[in-house]
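Below: one structure, written as structure tokens.
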Amino acid sequence: MWVDEEGGILGAVTIGGCVDARVVEAAHEVLASGDVQVVEMSLGEADAAALGMTCAGSVELLIEPVAPVPNDPVARGLAAVRAEVDAGRAAALVVDLAGSRERLVVREDGTFEGSLGAGVDVAQVGALALARLRDRVSGIEVMAGSPSRRLYVEVHAPAPRLVIFGATHVAQPLADLAHVLGWRVVVVDGRELYATAARFPSADEVLVGMPSDIAGRLTLHRETMVVLLSHDYKYDLPVLRRVLESDAGYIGCLGSARRGAAMREFLVDQGVSAEALARVHMPVGLDIGARTPAEIALSVVAEALAALRGRPGGAMRDRPPRAPGGDR
């Protein structure tokens with residue numbers, strides 16, 4: 001949550017807003033003093049339920065002032081992180097929870113910018129931050145020493161990207177839903193009549209050309225989800241071969257189980273390994289009884305998100321109890 005001096009609020013701390021009023025009050029105290037605070041706020045049973053916790057407890061919050069001036073270390077750290085994310089790379093912002101305003105930015109290539117002050121082993125901090133970057137999970141790390149240090153490693157990464165091959169009637173609601181989730185959306189088709197900004201106003205890019213050639217030019221990393229919707233062998237098979245050579249985190253293909261078996265058999269004959277083909281979700285989407293294009297799009301987005309987060313995509317009621325503060 002961001003709170004400005006005039007009382008403006010952007011974002012939230014909790015889903016239900018159960019502690020947010022107290023957070024705003026504390027934020028104004030921090031703005032007035034200029035000091036970083038790490039505070040604990042107790043949760044009642046109702047608060048804990050709103051947070052998804054199994055019992056009442058407390059939540060720990062870092063509240064820090066950010067000044068729009070060149071020498072502000074927090075602003076410098078945020079600017080450095082923003083530059084990395086804008087360039088398509090992840091970065092970690094490391095904070096000493098002892099109350100220092102110094103910030104250390106660790107990039108994916110292991111380089112860093114900023115400082116946490118004297119006596120900090122930057123190499124050790126960098127190793128901790130790089131591990132967090134690989135897992136894409138923010139969290140607290142404790143550095144041994146006298147005294148020990150509690151560090152908060154905040155991971156920032158580019159928005160997930162959804163690449164849709166086939167500017168079909170299913171692709172339209174799929175692009176819209178992905179946009180609502182904050183994903184970057186790329187639509188690819190060889191037909192100029194279908195691949196237009198007018199048909200896909202929520203897409204970040206609409207690319208027209210031979211789909212397999214475009215697939216070969218795109219950088220498909222682990223935060224990239226690829227969905228093939230053309231339902232045409234002559235387009236899908238060459239695209240699928242290209243995509244399987246990439247690190248794409250999710251690959252889905254529209255079609256029946258029979259069509260999927262035929263495509264897999266063809267690709268095996270072309271030398272594609274069974275291990276590679278196991279990455280392909282076909283038929284694409286979760287089994288929610290989808291019939292309309294919008295319902296199919298919903299099932300695809302849900303499955304893609306589950307794959308991105310390493311989840312099976314089953315019903316919430318069937319999963320074992322989770323640790324407090326975990327993902328849904």
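Couple of notes before you dig in:
- Count - residues of the stretch 208-233 that are crowded, with 20+ Cβ neighbours inside 10 Å and assigned to a strand (DSSP E or B): 5
- Looking at 115, 138, 148, just one residue is among the hydroxyl-bearing types (Ser, Thr, Tyr) and within 30 Å of residue 180 (Cβ to Cβ), and that residue is 138.
- Looking only at the stretch 102-117, and only at residues there that are among the charged types (D, E, K, R) and part of a loop (DSSP other than H, G, I, E, B), the one that is surrounded by the most Cβ atoms within 10 Å (Cβ to Cβ): 102
- Of the residues in the stretch 184-199, none is within 13 Å of the chain's Cα centre (by Cα), surrounded by 22 or more Cβ atoms within 10 Å (Cβ to Cβ), touching a residue at least 40 places away in the same chain (Cβ under 8 Å) and not assigned by TED's automatic domain parsing to the domain that holds residue 74.
- Check on residue 236, outside any loop (DSSP other than H, G, I, E, B) and not small (Gly, Ala, Ser): yes
- Subset of the stretch 180-201 that is among the hydrophobic types (A, V, I, L, M, F, W, C) and touching a Leu at 6+ places or on another chain (Cβ under 9 Å) - its residue that is nearest to residue 85 (Cα to Cα): 183
- Checking 162, 181, 177, 151 one by one, the residue that is in contact with an Asp or Glu (Cβ under 7 Å, 6 or more places away or on another chain) and among the aliphatic types (A, V, I, L, M) is 151 and no other.
- Options 180, 239; residue that is buried (at least 17 other Cβ atoms within 10 Å of the Cβ) and either touching a residue at least 12 places away in the same chain (Cβ under 8 Å) or within 26 Å of the chain's Cα centre (by Cα) (or both): 239
- The numbered conditions (1) at pLDDT 90 or above; (2) assigned by TED's automatic domain parsing to the domain that holds residue 150 are all true for residue 3 except (2).
The values are calculated or read from the model by the stated rules, or taken from the named source; none is laboratory data. Computed from a predicted model, the values in this text were never measured in an experiment. Every residue, glycine as well, gets a Cβ built from its backbone with ideal geometry; the counts of neighbours run over all protein chains shown.
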